[in-house]
Amino acid sequence: MATVLSRILSPAPLLYTFVVITQFAYGAYLGAQLQFPEGVTLIYAVGILWAVGWWLRTDSRRRGVLSVYDLGFFLYLAWPVVMPYYLVKTRGARGLLVMLGFVAVYVGAALIGMILSVLLVTMRS
């Protein structure tokens, strides 16, 4: 039981869960043509950097890859460039599949949220 719980609470599943929830909500707001709350935008910006940083730190320790001195600032500036480079460097071609999966989850959750929102709005009309 402890092994299952530690895997669920590890950074990768939590990062994907965070992305699915936030992108689904973003798609739902976009589909309903509503303004996304500013507070949620701030929480998203901080949350995605925290989740990516936690995942990168845990994964780099597991794989024995050295980290930069100020990881937070470095991720804030360059995480969209650093993450693909890191994944390809540590996993080779499988890193491309991991990136493709992340992009699919990111876009797919927003599309599903948008489609469901549009369907609900049109059903109410």
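The values are calculated or read from the model by the stated rules, or taken from the named source; none is laboratory data. Here the structure is a predicted model, which is why all the values come from computation and not from measurement. In this analysis, Cβ positions are derived from the backbone assuming ideal geometry, glycine residues included, and neighbour counts consider all displayed protein chains. To get the accessible areas, we keep the full protein, side chains included, count just its heavy atoms, and leave off ligands, DNA and RNA. Shrake-Rupley method; radii C 1.70, N 1.55, O 1.52, S 1.80 Å.
Here residue 57 and residue 111 are evaluated by their C-beta separation; at R0 = 41 Å the FRET efficiency comes out at 0.85. For the chain, the 222 nm mean residue ellipticity estimated from helices alone, with every DSSP H stretch of n ≥ 4 adding -39500 (n - 2.57) and the total spread over all residues, rounds to -30000 deg cm²/dmol.
For the chain, the longest principal axis of the alpha carbon atoms and the long axis of helix 38-63 meet at an angle near 30°. Net charge of the neighbourhood of residue 101, taken over other residues with C-beta under 14 Å away and scored Lys/Arg +1, Asp/Glu -1, is +2.
Calculate the tail of P(r) for the chain: the fraction of all Cα-Cα distances greater than 24 Å, expressed in %.
Working: 2918 of 7750 pairs.
Beyond 24 Å sits 38 percent of the P(r) for the chain.
Between the listed residues 55, 21, 41, the Cα displaced farthest toward the positive end of the dipole of the chain, a dipole computed from Cβ unit charges relative to the Cα centre, is found at 55. Computed from Cα atoms, the angle from the helix 71-91 axis to the main principal axis of the chain rounds to 70 degrees. Computed in the context of the full set of protein chains, the accessible area of the chain at 1.4 Å probe radius has 73% of its extent on carbon or sulfur.
Given R₀ = 25 Å, FRET efficiency for residue 78-residue 100 by Cβ-Cβ distance, to 0.05?
Numbers: r = 20 Å, r/R0 = 0.82.
About 0.75, to the nearest 0.05.
With +1 on each Lys and Arg Cβ and -1 on each Asp and Glu Cβ, how big is the dipole of the chain about its Cα centre, in debye rounded to the nearest 20? Please report the intermediate quantities before stating the final value.
Details: 9 positive and 3 negative charges, 103 e Å.
Computed about the Cα centre, the dipole is about 500 debye.
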